[in-house]
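The values are calculated or read from the model by the stated rules, or taken from the named source; none is laboratory data. These numbers were taken from a predicted model, which means no experiment stands behind them. Neighbour counts are summed over all protein chains in view; Cβ atoms, including those assigned to glycine, are modelled from backbone coordinates with ideal geometry.
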Amino acid sequence: MSNEEKKLVIGLPKGSLEKPTAELFAKAGYNINISGRSYYPSINDDEIKAILIRSQEMSRYVEGGSLDCGITGKDWILENGSDVVEICELMYSKQTSNPVKWVLAAHEDSPFKKPEDLEGKLVATEAVNLTKKYFAEKNINVDVEFSWGATEVKCPGLVDAIVELTETGSSLRANRLEIIDTLAVSTTRFIANKEAWEDEWKRSKIERIAMLLNGALLARNKVGIKLNIPEAKLDEISKVLPSLKEPTVSHLKNSDWLAVEVIVDETVVREIIPELKQAGAQDIIEYPLNKVIV
């Protein structure tokens, strides 16, 4: 394969995951520039061609080979029944790092409080196949219609219940909807076409991207701390320091002092820095992280 032919076609999610995905790639070292109405963002890697695709459709295009790889939710892989390679799970979503859920919900003033109450009723959703399978497994006969969006506002005026994706539940509460049941829990996945995965060059490229994306996610909400301590205080100060594994310790030149470096959760920094200072540490430095590769 010549240099000109070496190109990995990657699908990036258009919509709610668009911004957090671009931010994650930037942390991983890939600067994505999405300009105007173009669906072909530029990226600072000549071996990658990026295309913006809705998450709902991503797995179909990856399976079909139009895309070598892409990022989408596990829910849409299941909804489409796509036969793809799941490279890794990427724990991020629109607002948080928590999984998202597909839930069955009805208006708080309705008589529908459990799935069985919806026998013979109408349910609207974007995830038609997922919803039909859910009710079929429960032997509940319902009519399921596809919703083009704004699904929350259709209940109770247009439909009896909805199956909707939620991350925090705030939109459901704002529309006075109550969750009856959870159909599926989903996280973001990095997926690949099976033929692309068997190509040695493409597979290596995909694995490198996956490693860097995971490294960027692992570094999220973590910081590095450097400090100098008297060698005699090492055991005492080590008890204060949490670490991914063990702190890195090295001798300062011609000195009985040690340089110590660790990675810690950002939430504990304000607690441990005063403790470190009190225990005899000096020259304490906190610094941000882009990636942590383990």
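Data overview
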{"item": "Scope the stretch 227-266; condition assigned to a helix (DSSP H, G or I), exposed (fewer than 15 other Cβ atoms within 10 Å of the Cβ) and among the small types (Gly, Ala, Ser); matching residues", "result": "232"}
{"item": "Residues of the stretch 91-111 satisfying the condition of being among the hydrophobic types (A, V, I, L, M, F, W, C) and buried (at least 20 other Cβ atoms within 10 Å of the Cβ)", "result": "100, 102, 103, 104, 105, 106"}
{"item": "Looking only at the stretch 177-212, and only at residues there that are exposed (fewer than 15 other Cβ atoms within 10 Å of the Cβ) and of a type in the set (Lys, Arg), the one that is farthest from residue 127 (Cα to Cα)", "result": "208"}
{"item": "Residue list for the stretch 123-146, filter: buried (at least 19 other Cβ atoms within 10 Å of the Cβ) and closer than 22 Å to residue 187 by Cα", "result": "125, 126, 127, 130, 131, 134"}
{"item": "Selection count where residues are within 25 Å of residue 216 (Cβ to Cβ), assigned to a helix (DSSP H, G or I) and of a type outside the set (A, V, I, L, M), scope the stretch 271-294", "result": "0"}
{"item": "Strands (runs of 3 or more DSSP E) (entirely within the stretch 1-108) containing at least 1 residues that are under 21 Å from residue 205 (Cβ atoms)", "result": "8-14, 48-54, 69-73, 85-90"}
{"item": "Matching residues, the stretch 236-294, being without any contact (Cβ under 8 Å) to a residue 24 or more places away in the chain and among the hydroxyl-bearing types (Ser, Thr, Tyr)", "result": "238, 243, 248, 250, 255"}
{"item": "Any hit, the stretch 231-247, residues being more than 30 Å from residue 30 (Cβ to Cβ) and modelled with pLDDT of 95 or more", "result": "no"}
{"item": "Selected residue [of a type in the set (Asp, Glu), under 30 Å from residue 195 (Cα atoms) and touching a Leu at 6+ places or on another chain (Cβ under 8 Å)] from 79, 108", "result": "79"}
